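Please read the structure below before turning to the comments.
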C-alpha cells in the first residue's frame with residue numbers, strides 16, 4: 001500500500017533524528033516541513049532555557065476547516081525519545097530506522113515517531129479526497145520523556161491564552177499489547193517522579209566507626225517504599241505501581257564511604273490516586289518509622 005510505504009518512510013526520517021530529551025536534533029523541523037506541504041500552519045513554541053539545559057522545542061500545527069466555527073480534532077504526541085543505552089546491544093542501529101522481517105526498528109518507532117508519521121500521512125490522504133467540517137491539528141512536544149514541564153503544560157497555557165479550544169484529542173501513545181487496533185484507551189496513568197537523598201559522613205572503609213554510611217539508610221528507605229500498598233483498582237486503568245529506577249552516590253572508588261546517596265523513584269498512578277495523596281502516603285511512611 002502506498003500510504004503504508006509513505007508512513008514508514010516518514011517515520012524513518014524522524015527516527016534518524018537523535019532527539020533524546022531535551023535535544024531536538026531537527027525532528028520538529030522535519031515535521032514542520034512535511035506539514036507545510038499539505039497546508040498546515042505551524043507555530044513554533046519554545047520554552048525553558050539553554051542555561052538550565054531545559055530548552056524545549058514544541059509545535060502546534062493546524063489545518064483549519066472551511067467552517068468558521070469548526071471543531072478541532074487534535075493529535076497529541078512527542079518527538080523526543082529516551083536514551084538508547086549501549087548501541088552495541090541493539091540488533092540494528094537505533095537511529096537508522098531499519099525495516100527487517102516486516103518490522104520497523106529504531107528508538108521511537110513505537111513511542112512515538114511511528115504514530116506521528118501515521119497521523120500526518122492519514123491527514124494528507126483525507127485532505128486530498130474531501131473537504132472537512134473540522135480542523136485537524138497536532139500538538140507535538142519535546143520533553144514528554146523528561147521532566148515534562150516545558151512541553152504540554154506550557155503549550156496548553158499558550159492555547160488557553162490564545163483562545164484556541166481543542167474539542168477532541170487523540171494521543172498516539174502505544175497502547176495495543178500485540179496488534180494494531182486491538183484496543184483504544186480513554187487515557188494514560190499519571191506519572192509522579194521524585195528523589196530521596198540520604199546524608200552521612202564520608203570516611204575510609206577501614207574505619208567505619210569514624211564514618212556514617214548513607215547508602216544503608218537509603219536502602220532501608222527504598223525497601224519501605226517498595227512495600228507501599230498502592231493496590232486500589234480503577235476502571236479502564238492498570239493498578240498503580242512504584243519503581244525505584246536509580247540509586248547513586250557518585251562515588252568513583254570502592255574504598256571510601258560516601259557522604260550522600262540519592263535514589264530516583266517514579267510512580268505511575270491510576271484515577272484512584274492523585275499526586276497529593278501519593279506524596280502524603282510516601283511522607284507518612286517515613287513519619288511512622290525510625291528511618
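Values as computed for the structure displayed
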quantity: Count - residues of the range 272-291 that are touching a strand residue (DSSP E or B) at 6+ places or on another chain (Cβ under 6 Å), touching a residue at least 60 places away in the same chain (Cβ under 8 Å) and surrounded by fewer than 16 Cβ atoms within 10 Å (Cβ to Cβ); calculated: 1
quantity: Residue within the range 232-252 that is farther than 30 Å from residue 183 by Cβ, exposed (fewer than 15 other Cβ atoms within 10 Å of the Cβ) and at pLDDT below 95 present; calculated: yes
quantity: Index of the failed condition, residue 18 passing every other in (1) in contact with a strand residue (DSSP E or B) (Cβ under 7 Å, 6 or more places away or on another chain); (2) in contact (Cβ under 8 Å) with a residue 12 or more places away in the chain; calculated: (1)
quantity: Set 40, 10, 75: member being over 18 Å from residue 114 (Cβ atoms) and at pLDDT 95 or above; calculated: 40
quantity: Wholly within the range 1-80, strands (runs of 3 or more DSSP E) carrying at least 3 residues that are surrounded by fewer than 17 Cβ atoms within 10 Å (Cβ to Cβ), at negative phi and assigned by the TED database to the domain that holds residue 93; calculated: 41-47
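The values are calculated or read from the model by the stated rules, or taken from the named source; none is laboratory data. Since the structure is predicted, the reported quantities are computational estimates derived from the model, not experimental observations. Counting neighbours? That spans all protein chains shown, and the Cβs are built from the backbone with ideal geometry, glycine included.
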